[in-house]
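Trainee: Sharing a structure with you now.
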Amino acid sequence: MPTRAGGFEVDTRKLDKLLQELEPKASRAVRTSAFAVEAGAKVRAPHETYALRNSIKTKTNYEGDPLRAIVHDEVGYGIYQELGFHHYISGQFIQNPFMIPALEAERPKFEKAMRRLFK
Amino acid sequence: MINELAGAMYTRLSGGTALTDLLASTTSIYHGRVPDGASFPYVVFNLQGGGDENIVPSRMKNLVLYVRGYSKTSQASAGSIDAQIDTLLHGQTLSVSGWVNFWTARESDLSGFEPMPNGETIWNAGGMYRIRLDKS
């Protein structure tokens, strides 16, 4: 719609249309990357029973926001594998990060996808 | 490159006397693997993620390192170690052999504890540091 700025009237219809088209495209990029992070985390997750690997899930449209997605696991020990812990008997330090490596591997592709939206 | 970065991290952290004064010894700084039975307090750092940027013809790395202190004394003790780590790393330049370190910044803070079956608690405090390198 036309917008008045000082003594000028700026016709923002083209800009409004661009913005309208931008959100669904950005949402698609967010969802694509979120599922790629989920896949990457599943590949990297340590596995013995596969409980951790099978629990990794993605929620898109998080809290109703099409530009937010979360990738999470649903076992209590996932965070300990990610950040490290001391074994309760031996005291040995153990760490098997899987989520942040997956996120960082996807980061360049996500940034590229977002940059493409503005070209 | 991992070896060079690990060497630079070790040199930087072990060179900070205000940090090593808080640790069990001046060598209580470990890259990923902590020797069994190592005395507390100590520092652990590891490559948490990242890799090549592949956005320019020259080779660039964009890496996330998780650096934290562990203590059996208290959360405050772990926090003091973390504060010294932060002083040594955030906004500083590492000497990484064969690479130019043009970005070192803390991105997130983490702290927690592990209650052990023998009644002891292991406290930790640290952060994720983004380190960007350009092949020199």
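The values are calculated or read from the model by the stated rules, or taken from the named source; none is laboratory data. These numbers were taken from a predicted model, which means no experiment stands behind them. Counting neighbours? That spans all protein chains shown, and the Cβs are built from the backbone with ideal geometry, glycine included.
Trainee: What pairs can you find where one residue is in the range A:49-75 and within 15 Å of A:Phe110 (Cβ to Cβ) and among the aromatic types (Phe, Trp, Tyr), the other is at pLDDT below 95 and surrounded by fewer than 14 Cβ atoms within 10 Å (Cβ to Cβ), and their Cβ atoms are less than 7 Å apart, with a gap of 6+ or different chains?
Mentor: Here the result reads none, with nothing in the range A:49-75 linked to a residue that is at pLDDT below 95 and surrounded by fewer than 14 Cβ atoms within 10 Å (Cβ to Cβ).
Trainee: Going through B:Asn101, B:Asn118, B:Asn124 one at a time, which residue ends up being touching a Leu at 6+ places or on another chain (Cβ under 6 Å) and either modelled with pLDDT of 95 or more or loosely packed, with under 15 Cβ neighbours inside 10 Å (or both)? Walk me through it before giving the result.
Mentor: Details: B:Asn118 fails: touching a Leu at 6+ places or on another chain (Cβ under 6 Å); B:Asn124 fails: touching a Leu at 6+ places or on another chain (Cβ under 6 Å).
B:Asn101 is the lone residue from the list that is touching a Leu at 6+ places or on another chain (Cβ under 6 Å) and either modelled with pLDDT of 95 or more or loosely packed, with under 15 Cβ neighbours inside 10 Å (or both).
Trainee: In the list A:Glu63, A:Glu82, which residue meets the criterion of being out of contact with any Asp or Glu (no Cβ under 7 Å at 6 or more places or on another chain), within 13 Å of another protein chain (Cβ to nearest Cβ) and part of a helix (DSSP H, G or I)?
Mentor: Working: A:Glu63 fails: within 13 Å of another protein chain (Cβ to nearest Cβ).
When all the criteria are applied, what remains is A:Glu82.
Trainee: Let me ask something else about it. Using the structure shown, decide if B:Leu88 is out of contact with any strand residue (DSSP E or B) (no Cβ under 8 Å at 6 or more places or on another chain) and touching a residue at least 40 places away in the same chain (Cβ under 8 Å). It would help to see each step written out before you state the result.
Mentor: Details: out of contact with any strand residue (DSSP E or B) (no Cβ under 8 Å at 6 or more places or on another chain): yes; touching a residue at least 40 places away in the same chain (Cβ under 8 Å): yes.
Against the criterion (out of contact with any strand residue (DSSP E or B) (no Cβ under 8 Å at 6 or more places or on another chain) and touching a residue at least 40 places away in the same chain (Cβ under 8 Å)), B:Leu88 qualifies.
Trainee: Which ones in the range A:13-61 are surrounded by 13 or more Cβ atoms within 10 Å (Cβ to Cβ) and out of contact with any helix residue (DSSP H, G or I) (no Cβ under 9 Å at 6 or more places or on another chain)?
Mentor: A:Ser27, A:Arg31, A:Phe35, A:Ala51
Trainee: Going through B:Thr87, B:Thr93, B:Thr73 one at a time, which residue ends up being closer than 20 Å to A:Phe93 by Cα, surrounded by fewer than 15 Cβ atoms within 10 Å (Cβ to Cβ) and not charged (D, E, K, R)?
Mentor: Numbers: B:Thr87 fails: closer than 20 Å to A:Phe93 by Cα; B:Thr93 fails: closer than 20 Å to A:Phe93 by Cα.
Being closer than 20 Å to A:Phe93 by Cα, surrounded by fewer than 15 Cβ atoms within 10 Å (Cβ to Cβ) and not charged (D, E, K, R) holds for just one of B:Thr87, B:Thr93, B:Thr73, which is B:Thr73.
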